[in-house]
Amino acid sequence: MAGSVQSSSGMGRRPGRYGAMSEINVTPFVDVMLVLLVVFMITAPLLTVGVPIDLPKTSASDLQGNEEPLTVSINAKGEIFLQETQVEQAELVARLLAIAENQTTRRIFVRGDRLVDYGAVMLVMGSLNAAGFNKVALVTQVPQGIKVRRTDPEAK
C-alpha cells in the first residue's frame, strides 16, 4: 500500500499559488459614494423654491416639522407667489384653502424679499391669520459666520 501523505497545512496547493483573499475591497464602494456625493451636492440647490428672493439674514434657529409646508413668496416688486405660481392678494387665501383642503393647521412659510415693503409682508400675514392659518412662519437666511444652536421647543 504505497501512497503519498499530504500535509494538512498544504491542502494540495502548488507552490507559488495564492489563496483567496478574505478582505473586502472597499475602493469601488468609496468611488461610488464620492460620485453620489458630488451628484447630490450639485442637485440639492436646484430643489429649492423657484422664485428668486433675497431673504433677510437672522440668527434664529430652524423650525422642525413633519409635513411639507406651503410657501408664500413676495418678491422685490411686491408680487405674491403661492409655491411658484403668481397670485393676486385677493385670491391668495382662497387658493391656500383649496390646496390645504380647508385644513388651517397646515404650516405656511412666508418668504419676503429683503427690499420689499414691510407693510406688504404684514398684509399677506394678516390675511393668512384672518383666514384661520395659525402656523405662519417667516423664512430668513443665516448670515455667514454665525453659528446657530438648533432647539426644538416641543422637545422635553
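Numerical summary
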{"quantity": "Subset of segment 103-144 [at pLDDT below 80 and not in a loop (DSSP other than H, G, I, E, B)]", "calculated": "GLN141"}
{"quantity": "Candidate set: segment 91-102, residues that are farther than 14 Å from GLU79 by Cβ and touching a strand residue (DSSP E or B) at 6+ places or on another chain (Cβ under 7 Å); chosen: the one modelled with the lowest pLDDT", "calculated": "ALA100"}
{"quantity": "Some residue of segment 87-95 being part of a loop (DSSP other than H, G, I, E, B) and free of Cβ contacts under 8 Å to residues at least 60 places away in the same chain", "calculated": "yes"}
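The values are calculated or read from the model by the stated rules, or taken from the named source; none is laboratory data. Note that this is a predicted model, so its numbers are computed, not measured. Quick reminder, even Gly has a Cβ in these numbers, built from the backbone with ideal geometry, and neighbours come from all protein chains shown.
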